[in-house]
1. Report yes if some residue within the range 185-196 is assigned by TED's automatic domain parsing to the domain that holds residue 58, in a loop (DSSP other than H, G, I, E, B) and under 23 Å from residue 331 (Cα atoms); otherwise report no.
2. Taking the condition over 29 Å from the mean Cα position of the chain (by Cα), polar (S, T, N, Q) and not in a strand (DSSP E or B), does residue 486 pass?
3. With the requirement that a residue be open to solvent by 20 Å² or more (accessible area, probe 1.4 Å) and closer than 22 Å to residue 445 by Cβ, what does the range 534-563 give you?
4. Take the residues of the range 152-197 that are closer than 19 Å to residue 241 by Cβ and open to solvent by 30 Å² or more (accessible area, probe 1.4 Å): which is farthest from ligand 1 (Cβ to nearest atom)?
5. What residue, among those in the range 564-584 that are free of Cβ contacts under 8 Å to residues at least 24 places away in the same chain and over 19 Å from residue 98 (Cα atoms), is most open to solvent (accessible area, probe 1.4 Å)?
6. Return yes or no: is residue 10 under 20 Å from residue 173 (Cα atoms), assigned by TED's automatic domain parsing to the domain that holds residue 238 and either out of contact with any Pro (no Cβ under 9 Å at 6 or more places or on another chain) or in contact (Cβ under 8 Å) with a residue 60 or more places away in the chain (or both)?
7. Are any of the residues in the range 585-596 out of contact with any Ser or Thr (no Cβ under 8 Å at 6 or more places or on another chain), modelled with pLDDT of 55 or more, open to solvent by less than 40 Å² (accessible area, probe 1.4 Å) and in a loop (DSSP other than H, G, I, E, B)?
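The values are calculated or read from the model by the stated rules, or taken from the named source; none is laboratory data. Predicted model, so just to flag it, every value in this text is computed and none were measured. Note: ideal-geometry Cβ built from the backbone for every residue, glycine included; neighbour counts use all protein chains shown. Only protein heavy atoms, including side chains, enter the accessible area calculation; ligands, DNA and RNA are left aside. Shrake-Rupley method; radii C 1.70, N 1.55, O 1.52, S 1.80 Å.
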Amino acid sequence: MCILQTIHGPADLRVLSQADLVQLADEIRSVLIDTVRRTGGHLGPNLGVVELTLALHRVFDSPTDPIIWDTGHQTYVHKLLTGRHSEFDRLRQRGGISGYPSQSESEHDFVENSHASTALSYADGLAKAFDIRKESTRTAVAVLGDGALTGGMCWEALNNIGAEPNRPVVIVLNDNARSYAPTVGAVAEHLARLRMRRANDSRTTSDESLFERIGLHYLGPVDGHDIAAMERTLRQARDLRRPVVVHCVTRKGKGYAPAEENEADRLHAVGPNAPAFAPSGGGKKQTWTDAFGEEIARLADERADLVAVTAAMLRPVGLSRFSRNYPERVFDVGMAEQHAVTSAAGLAMGGLHPVVAIYSTFFNRAFDQALLDVALHRLPVTFVLDRAGVTGEDGPSHHGMWDLSILHNVPGIRVAAPRDADTLRAELREAVEYQGGPTVLRFPKATVGPDIPAVSTIGTLDMLVSGKQSDVLIVSVGAMAEDCVTAAAQLASHHIGVTVVDPRWVLPVNPLLAELAAAHRLVVTVEDNNRAGGFGTALAQLLHDRGVHTPVCALGIPPAFLAAGKRKELLAGAELSADLLARRIQREMAERLVPGGLLPRQQQLAGKRIAEVRA
Ligand SMILES: Cc1ncc(C[n+]2csc(CCOP(=O)(O)OP(=O)(O)O)c2C)c(N)n1
Ligand SMILES: CC(=O)[C@@H](O)[C@H](O)COP(=O)(O)O
Ligand SMILES: [Mg+2]
């Protein structure tokens, strides 16, 4: 009999025997492997928390006792146990269930943000709320990984939690000694020493854990795959009514990941039909990350002053080869983007040229550091923002759709958006050559498309399509070039002359674009970024400042949180695919452009505005 089918909520777990629980754990692992094989997802992290999640939901009364999952990538088991087994086959699909907690899916889900190291802060806030509302029987539970614990916010929260001995918070530390790769740093080494205790079981006060030193209780280390031991320890933690860390030792990928200790990232995040499922799977297409990784390794051979910084994502951001060749010049700082950026400022002050490689969405976290630790000092730091734009299945907090809007506000920063692998290589070289201040390269999560050659150049602008007597100027940002060029061809077949230009360096806006715009009747900007405050806004501002009245139609991602889905689907939804672009431009033409004179819509708007003022 399949026990999982009988679980409709945590209460159903509490009547199961230990033998039932062991069988249920096996059933869950099978469902995880069979599903992720098709959908892709975080197989390794979820295989590692099967028993831990069972024990959690038997001991605590979710959602009265909120369970806050740090990062949230390890909540597939939680979802299976909280009534979503029947929908699980639509994991990470548009219209299906998210790969992260989702409030709209369940009362048991609290935090939708997949940015790490936040759970303890939420738990601190929840515990304070229970205090004030006199809900003293409720327990705030935070579950976080050893990787997340290297993030600074955790220590800001611990500083507060440890200061209130009578305010219960249960911190379940899921220690599998890995982020993607083995977790780095002094905290990781401290946890390793604590894990050793289990071996020789020697306890002296000098052996106190970091957590005990700052006022928390510490229980463990406990085998995170032993359900009975986990339940005993979690009950002890719950009944303490104090802030307490339960140190669980687990194995990422348990039950499927290859046994080798150094296996790349222990199935942290796998695509559908990944080599883990089909070793003889089809050939891998080159990604933007591959193009970056190869070029930065070549540059590292040429430039001894080049160093690189990653925030616990060395392989995913493409620094593996650089790190293999020059391990002393590549720094993994843990899941600590703010520290990564300001540490890079220190590297630059010390006479080096650091390349900080982080995903666009995680760069948000280090805006203040980029603005006031790097740009204010005009330091030669190069940021390489991978996963820029709409990413896809990882949902709302993973889209890298904010960086152009953020960077538009940073004085002195120069931002390049390569349109293909060729321009990526060229722009990366230009970026690390530039010593007058910070530079940025941003590119999407995708396989890189065909090289798109320029037909001519005007200054540093690449002309991709030179329309005869063109009415419309399309300014294409980065990887949107392929769709813009295709849209131009479609419009030409409707006798609409279009010029497509790629500025290459998109911020600050190239003043030559004002001259080009003045020679056209409509400007359309196309960017894989939040439409508000991005490149289109910056260009419109430039035209206004230069007294160029050509109307601007800024196309980008609508300023809204995009759900999960395939990248192409989401771009089409924002009218950023070639045929929708062409149709949108035709509509803009019809509405805005009439022979000479004020455009009908502007007349209408002007009339309306005058009437309002008179009213
Ligand atoms: C601020 C931030 N940086 C980077 C990431 C990318 N990321 C997602 S999970 C992960 C590793 C998590 O390690 P850990 O917290 O130990 O959890 P585990 O996967 O081992 O269970 C990383 C680096 C992120 N989600 N948030
Ligand atoms: C959970 C997390 O933040 C990442 O692991 C996420 O899967 C995005 O990384 P990829 O784009 O490399 O899958
Ligand atoms: Mg870990």
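1. Step one: filter the range 185-196 for residues assigned by TED's automatic domain parsing to the domain that holds residue 58, giving 185-196.
Cutting the leftovers down to in a loop (DSSP other than H, G, I, E, B) gives us 185.
Within this subset, residues satisfying the condition of being under 23 Å from residue 331 (Cα atoms) are 185.
Yes, because at least one residue in the range 185-196 is assigned by TED's automatic domain parsing to the domain that holds residue 58, in a loop (DSSP other than H, G, I, E, B) and under 23 Å from residue 331 (Cα atoms).
2. Working: over 29 Å from the mean Cα position of the chain (by Cα): yes; polar (S, T, N, Q): yes; not in a strand (DSSP E or B): yes.
Against the criterion (over 29 Å from the mean Cα position of the chain (by Cα), polar (S, T, N, Q) and not in a strand (DSSP E or B)), residue 486 qualifies.
3. Answer for the range 534-563, where residues must be open to solvent by 20 Å² or more (accessible area, probe 1.4 Å) and closer than 22 Å to residue 445 by Cβ: 558, 559, 560, 561, 562, 563.
4. For the range 152-197, the residue satisfying everything is 166.
5. So the first thing to find is which residues in the range 564-584 are free of Cβ contacts under 8 Å to residues at least 24 places away in the same chain, and the list is 568, 572-573, 575, 580, 583.
Restricting the remaining residues to those that are over 19 Å from residue 98 (Cα atoms) gives 572, 575, 580, 583.
Values: 572: 33, 575: 50, 580: 44, 583: 139 Å².
This residue is 583.
6. Numbers: under 20 Å from residue 173 (Cα atoms): no; assigned by TED's automatic domain parsing to the domain that holds residue 238: yes; either out of contact with any Pro (no Cβ under 9 Å at 6 or more places or on another chain) or in contact (Cβ under 8 Å) with a residue 60 or more places away in the chain (or both): yes.
Spelling it out, it is not the case that residue 10 is under 20 Å from residue 173 (Cα atoms), assigned by TED's automatic domain parsing to the domain that holds residue 238 and either out of contact with any Pro (no Cβ under 9 Å at 6 or more places or on another chain) or in contact (Cβ under 8 Å) with a residue 60 or more places away in the chain (or both).
7. There is at least one residue in the range 585-596 that is out of contact with any Ser or Thr (no Cβ under 8 Å at 6 or more places or on another chain), modelled with pLDDT of 55 or more, open to solvent by less than 40 Å² (accessible area, probe 1.4 Å) and in a loop (DSSP other than H, G, I, E, B).
Yes or no, residue by residue, for (1) of a type in the set (Gly, Ala, Ser); (2) buried (at least 24 other Cβ atoms within 10 Å of the Cβ); (3) under 18 Å from the mean Cα position of the chain (by Cα); (4) away from ligand 2 (no atom under 16 Å from the Cβ):
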residue	(1), (2), (3), (4)
357	yes, yes, yes, no
381	no, yes, no, yes
392	yes, yes, yes, no
398	no, yes, yes, no
